[in-house]
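Quick one: the structure is below, questions incoming.
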Protein chains: 2
Amino acid sequence: MDPPPVFMKTRDRILQTSLQLFNEQGEPRITTNHIADELDISPGNLYYHFRSKDEIIELLFQQFERRMDTALQTPERRVPNMEDMWLYLHLVFENIWEYRFLYRDLDNILSRNKKLRTHFRRILERKVSTAAAICKGLVDAGVMNATSEDIAALARNIAVVATYWLNFQSVRASASAAPRNDGNNLGLGVYQVLALVAPFLNGEARRLLQQISREYLA
Amino acid sequence: MDPPPVFMKTRDRILQTSLQLFNEQGEPRITTNHIADELDISPGNLYYHFRSKDEIIELLFQQFERRMDTALQTPERRVPNMEDMWLYLHLVFENIWEYRFLYRDLDNILSRNKKLRTHFRRILERKVSTAAAICKGLVDAGVMNATSEDIAALARNIAVVATYWLNFQSVRASASAAPRNDGNNLGLGVYQVLALVAPFLNGEARRLLQQISREYLA
């Protein structure tokens, strides 16, 4: 792993290195001593910036939440279209991937910290409501055929698959909890969510979506 | 909570009471002392039957696995039909519900025990392959319209939603990790999976499925 650039502030370097270590090795395996070691600073220096590993996790979660809030904006002033759907999925999966340690040990992390649980719930609700708003836009634009009942169920399923895809793949991929590299799974995750949407699309849009879906598989 | 019938063997009473306590309060909150207390037996008596909480969890997992294996049988000697699909979903969700503590702290439990991880992976694979076999049967019977690519993606999505529905609802339902009662979520889970299948069904079967789906919502 490349060390963070030296001109970064120590606090930011600690956050960046923690994120990398958590993602690569799983948050439960990493202690503040590992993080200090990796940065070649003393544990005392690390504690000057963060009192505990949980405080580091909270800060990383705040970064993640800000990025998710940006990803989960529905376009105002115009009807959402297919590009919004792709952009939504792209950004949501990109963020999940960059902060994948949160998703891999979700129950664990959320049961330790009530505040994160409340915030994570907010993110889930927004995943559902943004997916529903985009689908409604596609129906209004005549691209999608779905009742409001269909859309409600579809939006929940989009949120479930987007949220738990990495866990699912990580259990399927290997019997050991150790190596946590699954680069291809992200594209397959987008593919899986597009597969939820596809059957509701009209001819032309459906063919286009299937074409794009296949690119995610490659 | 009613105590188990007194004529049960102590070993079985321990398993049954543990399962109830784990499901109601979450496995991480329950110690072997809680279990002994609830049964009004001494901790020594409990340790005579099980050396640790993890041994109890392993035994409960074995029960769960046997029941899942039965639920995940594809009919031999005949083409699977819509009733097989309902039965599959019904039994899978029923088993998940009866052993819901496993699913609620899945990452946690699987990261502590490699053996369970291997077995859980086997169950996931069977969820995917049985769902795919049933869908293929529906296509052969002319009830479903789907390519083999559609079926592969659909079967994975069925397994993801069936596996993680309770986690999703438990994060959405409440900001606190404490009370774990969510009776309605099970029916909604079946509804969500049926909603994955519905768009691939032909007219008559689709209407029938939507009718049944609504009953799960009630």
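The values are calculated or read from the model by the stated rules, or taken from the named source; none is laboratory data. Computed from a predicted structure; not experimentally measured. Cβ sites come from the backbone with ideal geometry, for glycine too, and all protein chains shown count toward neighbours. Keep in mind that these areas ignore ligands, DNA and RNA; they rest on the heavy atoms of the full protein, side chains included. Shrake-Rupley method; radii C 1.70, N 1.55, O 1.52, S 1.80 Å.
Taking the condition of being open to solvent by 40 Å² or more (accessible area, probe 1.4 Å) and part of a loop (DSSP other than H, G, I, E, B), how many residues in region B:144-163 meet it?
Matching residues across region B:144-163 total 2.
Then there's this: Any residue that is outside any loop (DSSP other than H, G, I, E, B), more than 29 Å from A:Arg122 (Cβ to Cβ), open to solvent by 50 Å² or more (accessible area, probe 1.4 Å) and without any contact (Cβ under 8 Å) to a residue 40 or more places away in the chain - is there at least one of those in region A:18-33?
Yes.
To continue, here is another question. Just give me the residues in region B:75-115 being over 14 Å from the mean Cα position of the chain (by Cα) and more than 10 Å from chain A (Cβ to nearest Cβ), in sequence order.
Hits for region B:75-115 are B:Pro75, B:Glu76, B:Arg77, B:Arg78, B:Val79, B:Pro80, B:Asn81, B:Met82, B:Glu83, B:Asp84, B:Met85, B:Trp86.
Might you let me know whether region B:5-18 holds any residue that is small (Gly, Ala, Ser), at pLDDT 95 or above and within 23 Å of the chain's Cα centre (by Cα)? Show your work before the answer.
Restricting attention to region B:5-18, the residues satisfying the condition of being small (Gly, Ala, Ser) are B:18.
Okay, now just the ones that are also at pLDDT 95 or above, so B:18.
Remaining after also requiring within 23 Å of the chain's Cα centre (by Cα): B:18.
Within region B:5-18 (the criterion being small (Gly, Ala, Ser), at pLDDT 95 or above and within 23 Å of the chain's Cα centre (by Cα)), the answer is yes, since at least one residue qualifies.
When both residues are 6+ apart or on different chains and their Cβ atoms are under 9 Å apart, which pairs have a first residue that lies in region B:84-97 and is more than 18 Å from B:Thr74 (Cβ to Cβ), and a second that is small (Gly, Ala, Ser) and surrounded by 22 or more Cβ atoms within 10 Å (Cβ to Cβ)?
Pairs found: B:Ile96/B:Ala162; B:Ile96/B:Gly189; B:Trp97/B:Gly189.
Can you name every residue in region B:116-135 that is more than 16 Å from the chain's Cα centre (by Cα) and within 9 Å of chain A (Cβ to nearest Cβ)?
B:Thr118
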